[in-house]
Amino acid sequence: MQRIFILIIFTFVLLATINPGAVAKEYLVKTQQEYKKVVTQLKAGDEVVLVNGTWSDFEIVFKATGTKQKPVTLRAETPGQVVLSGLSNLRLAGKYLVVSGLVFKDGYTPTGEVISFRRNKNDLANHSRVTQVVIDNYSNPEKFEQDKWVVMYGRYNRFDHSSLIGKRNAGVTMAVRLNTEESQQNHHRIDHNYFGPRPTLGSNGGETLRVGTSHYSLTDSFTTIENNYFDRCNGEVEIISNKSGKNRILNNVFFESRGTLTLRHGNGNLVEGNVFFGNGVDHTGGIRVINRDQVINNNYMEGLTGYRFGSGFTIMNGVPNSKINRYHQVDNALIKNNTLVDVEHIHFAAGSDAERSAVPINSQFQNNLIVNSNNTDGISLFDDVSGISFAGNLVSSGINPTLASGFTVTSLDMQRAENGLLYPQSDISKGASTSLQPIKKQQVGASYYPKAEQDVAFDSGKTVSVKPVENALFDAINNAASGDVLLLENGDYTIGKVIKLTKTITIKAKHKTQVTLYPERSTFVDIGDFGSLKLVDLIISGKHTPDSAGNTLLRTSKIPMQRNYRVEIQGSVIENLNVNHSFHVFDAGSRSFADSFTINNSTFKNITGDLIRLNKETDDLGIYNAEYVYFNNNTVENVEGAVVKLYRGGTDESTFGPHFMMNGNTIKNVGKGKRNKSESAVRLHGVQVAQISNNRFIDSASASIEHTVGEPITTVNDNEFTNTSAPTVVELRVEGPHTATLTNNIVK
Ligand code: CA
């Protein structure tokens, strides 16, 4: 039997050899079985064409050997008309392969990767190209089940003109691996891709592009990343995490992306011609420099607000004799001809502490242009910067330079050029070149695929009138489209069923104080994936809810959510949630994440539980429940629980939030119920940015704030604490006094 098999193989090989001029074939395949058969027969120049339609649960292994002149191709019959859904993925192995026109959506990979430039550890792809593909929210429904979307192995591969949009689960969107010799010095090219919006993950593991890992970081990669567009890549603090040597990061655009291009590990990288547009969005950053021989030339940055390691520009301190995964000293960095317009923070020798004591050396910062309408150069020094030679830099008039030499103050008449960037009308030898051509959104990504917005905005749909009759609100929500406004006519509404919300919906009273809702179940609205809720000018009473402990007016799904949601309550009255103990206004489920949670100009009274519970991630993995929480100009009276419990545990520092803003509220007789174990009216743990100001606390429990990691920014100012104890701040992980600013508070 075995002999016959060998004989057959031999015959095939013989036939192939004696017939080298065979004409390339095109195979149109309609089923997975056909594909599996065809793929074993492929020769140089052949094309496999997947017929248009949806292919479910298709794990494609594309293994073939082409030549430079005659690659082997796998393509969609029509680009964009072949959809891989369900549990699908693609692995390439061999050489001179081309894949194009495929769309991955409505599912997720059953393995750790969606597109992999290898079949397995030993069988890699080389000289191969994946182009015009789309991966659109092909995210594991279990948000913290980690996978990657595109992983490059091997050498001389290219990934280009593709769209990677909306990754919502943990794991870097795209990675270049150097984990075996066959994948090092790889000369890959990653170009003209659309890295579409990546929502805040709310944990580490949300990087968009990583090249290398710390383990192989002293190895050269020679990867080129050019002409890509990073559109609101907000996953976490690192947008690009460079962790290998000799890469070139050229002419990319970073649009309103929170985080930085970080030269985290590896030496001798070139960062040139990149453009960062922050537009004043929170936490937009630029470039962070670590390691040896880095060149940062001719980049343009505008409107970046980030600070600390997320600044518009950062040069780090290193660790003497650093371990491979810590911080290597900056040595021989050349930073020249960059333009920084309204960049709020430029940090030199950042991260200086007992461990990171190796200051930058042998480095140059020259001919850069710093323009700032706030009359500051934004520069902060955290240690000795004498190892950086500053020369020929210009700063705009009104600025008193932080550094005595190397910066000339001059009047700069900045005009926006046709390429969209600002240039001085006088001296153009400083700052970025006028020949920069920032890549446009329409020039990148799969040409056939729209770059649609991911979230539906509140009030973006139609307005639907609702009358106070049985089931009217429930039915209206069922029939509404995402973005619609349900406008409630005057009257009382009984809500007999739990509303499971999977749309963006606004519920609004036509006339303020004239519409009252009476939920009759233990929950009024349960927010699930795709759900976001806005309540305006309503009165909601708990009078008719069942008499059971632990009712919750609003909550998120008890199943972990993949999608981030938003809640907004404006001008409403929520009262009499007191049929039993521990009746909460809002309770987040574990593994749910609010992009924003806002309550303004509202009144809460006679409530036995808490108002806002965003405190479910107590496994301390650096995961939390909301990015921005706003609580402004509200009146809260007779509430046994707390106004807010906001919790972020763990030691990870890869996130910006949570943020908490509480201004102008009156808090009376709040937080003193015996079931409120926090014994606080405001309980913050591990919150990164908190501002509590102009509030009046009367006969209430106080605010208690626990700092953990990062350098949290906490301000408590201009509050009155009447018959209420003073707020407390404690550092749980850092020695010494707390770092919060408490000013102008009156305790009486
Ligand atoms: Ca990270």
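The values are calculated or read from the model by the stated rules, or taken from the named source; none is laboratory data. Treat the numbers as computed from the prediction; the structure is a model and nothing was measured. Every residue, glycine among them, receives a Cβ derived from its backbone with ideal geometry; neighbour counts consider all protein chains shown. Side chains are part of the model used for accessible areas, which takes the heavy atoms of the whole protein and leaves out ligands, DNA and RNA. Shrake-Rupley method; radii C 1.70, N 1.55, O 1.52, S 1.80 Å.
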Whole-Hz Karplus ³J(HN,Hα) for the stretch 89-106, in order, using 6.51 cos²θ - 1.76 cosθ + 1.60 and θ = phi - 60°, x for Gly and Pro? 6, 9, 10, 10, 8, x, 8, 6, 10, 10, 10, 8, x, 8, 10, 9, 7, 6
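Using per-residue counts of other Cβ atoms within 10 Å, averaged over each peptide, order 275-288, 664-677 from highest down.
Details: 275-288: 23.3, 664-677: 19.2.
Result, highest mean first: 275-288, 664-677.
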Read phi for every residue in the stretch 449-458 and hand back ³J(HN,Hα) as whole Hz from Karplus 6.51 cos²θ - 1.76 cosθ + 1.60, θ = phi - 60°, with x for Gly and Pro. 10, x, 9, 6, 5, 7, 9, 8, 6, 4
Distance in Å, no decimals, from the C-alpha centre of the stretch 532-567 to the one of the stretch 114-155 is 39 Å
Cβ under 12 Å from V151's Cβ, V151 left aside: what net charge do those residues give with Lys, Arg +1 and Asp, Glu -1? +3
In nm, the gap between the two label points placed 7 Å beyond Cα toward Cβ at I713 and E520 is 5.0 nm
When ligands, DNA and RNA are left out and all protein chains stay put, how many square angstrom of accessible area per residue does the stretch 180-448 have with a 1.4 Å probe? 34 Å²
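Ranked from highest to lowest mean number of other Cβ atoms within 10 Å per residue, what is the order of the peptides 681-692, 546-557? Please list the in-between numbers first.
Details: 681-692: 24.3, 546-557: 18.6.
Most protected by this proxy first, the peptides run 681-692, 546-557.
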Stretchable slack from K512 to S678, in nm (0.36 nm times residue separation minus alpha-carbon distance): 56.3 nm
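Could you calculate the contour length gain from N490 to A726, that is, 0.36 nm times the residue separation minus the distance between their Cα atoms, to one decimal place in nm?
On the way: separation 236, 0.36 × 236 = 84.96 nm, distance 4.34 nm.
Result: 80.6 nm gained on full extension.
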Enumerate the calculated ³J(HN,Hα) couplings along the stretch 534-539 in order (Karplus 6.51 cos²θ - 1.76 cosθ + 1.60, θ = phi - 60°), each rounded to whole Hz, writing x wherever the residue is Gly or Pro. 10, 10, 10, 6, 9, 10
Long-range amide H partners of I623 with built H, under 5 Å: G649
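Given a Förster radius of 22 Å and the C-beta distance between E142 and F530 as r, what FRET efficiency does 1/(1 + (r/R0)^6) yield to the nearest 0.05? Kindly include the intermediate steps, with their values, before the conclusion.
Working: r = 17 Å, r/R0 = 0.76.
For R0 = 22 Å, the calculated efficiency reads 0.85.
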16 Å cut-off, amide nitrogen to a point 7 angstrom out along D123 Cα→Cβ, residues in the stretch 47-71: 59-66
Portion, in percent, of the accessible area of the stretch 700-748 that falls on carbon or sulfur, probe 1.4 Å: 51 percent
Rounded to the nearest percent, how much of the accessible area of the stretch 25-138 (1.4 Å probe, protein heavy atoms only) is carbon and sulfur? 46 percent
Estimated inter-spin distance, L381 and Q691, nm [label 7 Å along Cα→Cβ]: 3.0 nm
Of T608, Q185, L42, farthest towards positive along the dipole that unit charges on Lys, Arg, Asp, Glu beta carbons give the chain: L42
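Express in % the proportion of alpha carbon pairs of the chain at distances exceeding 46 Å.
On the way: 85067 of 279378 pairs.
The share of Cα pairs beyond 46 Å in the chain comes to 30 percent.
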Kindly report the accessible area of the stretch 610-748 per residue (heavy atoms of protein chains, probe 1.4 Å, no ligands, DNA or RNA), in Å². 39 Å²
With a point put 7 Å past each Cα toward its Cβ, work out how far M661 is from N478 in nm, to one decimal. 3.9 nm
Determine the alpha carbon to alpha carbon distance for each of K336/K430; K668/K748; K508/K543 and list only those over 18 Å. K508/K543
Express the accessible area of the stretch 461-589 per residue in Å², computed with a 1.4 Å probe while the remaining protein chains stay in the model. 38 Å²
With +1 on each Lys and Arg Cβ and -1 on each Asp and Glu Cβ, how big is the dipole of the chain about its Cα centre, in debye rounded to the nearest 20? 2000 debye
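Using helices alone, what [θ] at 222 nm do you get for the chain, with -39,500 (n - 2.57) per DSSP H run of 4 or more residues, divided over all residues and rounded to the nearest 500? Mind dumping the intermediate values first?
On the way: 3 runs with 33 residues, N = 748.
That comes out to -1500 deg cm²/dmol.
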To the nearest 20 debye, what is the magnitude of the charge dipole of the stretch 25-138 about its Cα centre, counting +1 on the Cβ of each Lys and Arg and -1 on the Cβ of each Asp and Glu? 560 debye
Show the residues, 5+ positions off or on another chain, whose built amide H is closer than 5 Å to the amide H of L535. I507, E568, I569, Q570
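Could you work out what % of the accessible surface of the stretch 200-240 is carbon and sulfur, using a 1.4 angstrom probe and leaving DNA, RNA and ligands out of the count? Don't jump to the answer; show the numbers that get you there.
Details: 390 of 940 Å².
Here carbon and sulfur together make up 42 percent of the probe-accessible area.
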Positive minus negative residues near G273 (Lys, Arg vs Asp, Glu; Cβ under 11 Å): -1
Work out, step by step, the length gained on full extension between D427 and N633: first 0.36 nm times the residue separation, then minus their alpha carbon distance; give nm to one decimal. 69.2 nm
Set Lys and Arg Cβ to +1 and Asp and Glu Cβ to -1, take the dipole of the chain about its Cα centre, and tell me which of P560, S460, I692 lies farthest positive. P560
Taking amide hydrogens as modeled 1.01 Å from N in the peptide plane, which residues meet the under 5 Å criterion relative to S352, leaving out close sequence neighbours? N317
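Between L334 and V409, how high is the FRET efficiency from 1/(1 + (r/R0)^6) when r is the Cβ-Cβ distance and R₀ = 30 Å? Nearest 0.05. Before the final figure, lay out the partial values.
Numbers: r = 24 Å, r/R0 = 0.80.
Using R0 = 30 Å, I get an efficiency of 0.80.
May I ask what percent, to the nearest 5, of DSSP beta bridges between residues of the chain are antiparallel?
Details: 8 of 237 bridges.
Close to 5 percent.
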What dipole magnitude, in Debye to the nearest 20, does the stretch 180-448 give about its Cα centre under +1 on Lys/Arg Cβ and -1 on Asp/Glu Cβ? 340 debye
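How would you order 504-510, 320-326 from highest to lowest mean count of nearby Cβ atoms within 10 Å? Please list the in-between numbers first.
Working: 504-510: 22.9, 320-326: 11.9.
Averaged packing, sorted descending, gives the order 504-510, 320-326.
What ranking of L732, L488 comes out by heavy-atom accessible area, probe 1.4 Å, highest first?
Values: L732 95, L488 0 Å².
The ordering from most to least exposed comes out as L732, L488.
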